[in-house]
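S.K.: Please read through the structure below; I'll follow up with questions.
Where a number appears in this text, it was derived from the coordinates with a stated rule and is not lab data. For clarity, every value in this text was computed on a predicted model and none was experimentally measured. Neighbour counts run over all protein chains shown; Cβ positions are idealised from the backbone, glycine included.
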Ligand code: F6R
Ligand code: MG
Ligand code: MG
């Protein structure tokens, strides 16, 4: 890779507090973060940046030449979040500082609360990318659509038609419970891949490479806040970067996978399945039952590291039907109230506040034999058999 063409795109995000509960970031927090990044740009740490939000998550989209996991870039993002959190505290925003799990910066924001998706690439002559940002869901929410984009010919015509894609793609999967990683190649290992990523709470697509030349095509933030903190501190509201066109899935092929509002974990209290609704930036905020979970897609052209754009890609009546379908599904599944499968299963509930409720009931449980004895004794008393 020639040095001058190598650039890194980093998206680092955190919920540092929001307006009217967990609804939306406040413009003053975005402004505070922007000031820090503007300073970083002036000092030459960043080439370019774009600060935005998805619901209550503050999103820092940055380009630079420092590679992934750079302490300079992570430090800058950490400072931006700290400054934004300061404003959030001043304004009394809700859950101010929520995702900043540590006081001191340790050189890398991974494991400290924020979510991170970064890719170092050799910029192509024209480099279209899509930045996806979701609210009220988890990293595994990308499993289904990204599988369809890079492995399903019924979604992506290019897999069949374009010789550059015809060999397929390799998927790097993280086991977020065990801290392990595996690479599976499609189409040959498609069924193995599906055997894993069909459990999106545990096996999460991290990166996708074009098989022909190992070109990095997509990266997802895989931080699972609750696993890091060991308790419920909000959902992990993931982000992803997908490169498009010219031997990669077209922008329209990437977006096509989001035309089906599949069920994802998250929504109210991070404890419910609900449909993932693709929306424009103006609707990137959750209301009904703190949801339903949303995703926005911003398209950029990257030129010498500069971020040209964005284009608000789900701002299109072509996704109206998907949104209506999502609301129909939301309505249906909501009627299950506290019952599974609307509410998540027990393994996932472990990282919510439910264990505290169950703890209270612990002493009330009797061994079944004893309980049976009590019932027999009671029924004997009622029938007078013991007298
Ligand atoms: C989900 C989320 C919200 C909150 C809910 C309760 O990711 O952030 O649904 O879980 O509003 O919030 P607290 O416990 O802060 O009142
Ligand atoms: Mg929040
Ligand atoms: Mg959020």
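S.K.: Please compute the length gained on full extension between residue 157 and residue 229, using 0.36 nm multiplied by the number of residues separating them and subtracting their Cα-Cα distance.
M.R.: 21.7 nm
S.K.: Rounded, prolate or oblate, given the Cα gyration tensor of region 1-154, with a/c below 1.5 counting as rounded?
M.R.: Note, shape of region 1-154 comes out oblate.
S.K.: Label-point separation (nm) for residue 195 and residue 367, each offset 7 Å from Cα along Cα-to-Cβ?
M.R.: Between residue 195 and residue 367, the label points sit 4.1 nm apart.
S.K.: What spacing in nm lies between the two simple spin-label points modelled at residue 213 and residue 20, each 7 Å away from Cα in the Cβ direction?
M.R.: Modelled inter-label distance: 4.9 nm.
S.K.: Ignoring everything except DSSP H segments at least 4 long, calculate the 222 nm mean residue ellipticity for the chain; use -39,500 (n - 2.57) per segment, divide by total residues, nearest 500.
M.R.: Values: 11 runs with 111 residues, N = 387.
Value at 222 nm, helices only: -8500 deg cm²/dmol.
S.K.: Could you sort 311-321, 126-136, 202-212 so that the peptide with the highest average Cβ count within 10 Å comes first and the rest follow in order?
M.R.: Descending mean neighbour count gives 126-136, 202-212, 311-321.
S.K.: Where does each of 107-113, 181-187, 13-19 land if you order them by average Cβ count within 10 Å, highest first?
M.R.: The packing order, highest mean first, is 13-19, 107-113, 181-187.
S.K.: What is the distance in Å between the Cα centres of region 29-63 and region 176-222?
M.R.: Centre-to-centre (Cα) distance: 29 Å.
S.K.: What does a probe at residue 283 reach in region 309-325, counting residues whose amide N is under 19 Å from the point 7 Å along Cα→Cβ?
M.R.: Correct set: 311-325.
S.K.: Now for a separate question. With each pseudo-label sitting 7 Å past Cα toward Cβ, what's the residue 375-residue 340 distance in nm, one decimal?
M.R.: Using points 7 Å along Cα→Cβ, the separation is 2.3 nm.
S.K.: Compute the Cα gyration tensor for region 165-306, then decide on rounded, prolate or oblate, letting a ≥ b ≥ c be the square roots of its eigenvalues: rounded whenever a/c is under 1.5, prolate when a/b is larger than b/c in the other cases, and oblate in all that remain.
M.R.: It is oblate, given that a/c is not under 1.5 and a/b is not larger than b/c.
S.K.: Would you kindly calculate the mean projected area, averaged across all directions, of the convex hull enclosing the Cα atoms of region 305-384, in square nanometres?
M.R.: 11.6
S.K.: For region 169-230, rounded, prolate or oblate, judged on the Cα gyration tensor with a ≥ b ≥ c (square roots of eigenvalues), a/c < 1.5 rounded, else prolate if a/b > b/c?
M.R.: Cα axes put region 169-230 in the oblate bin.
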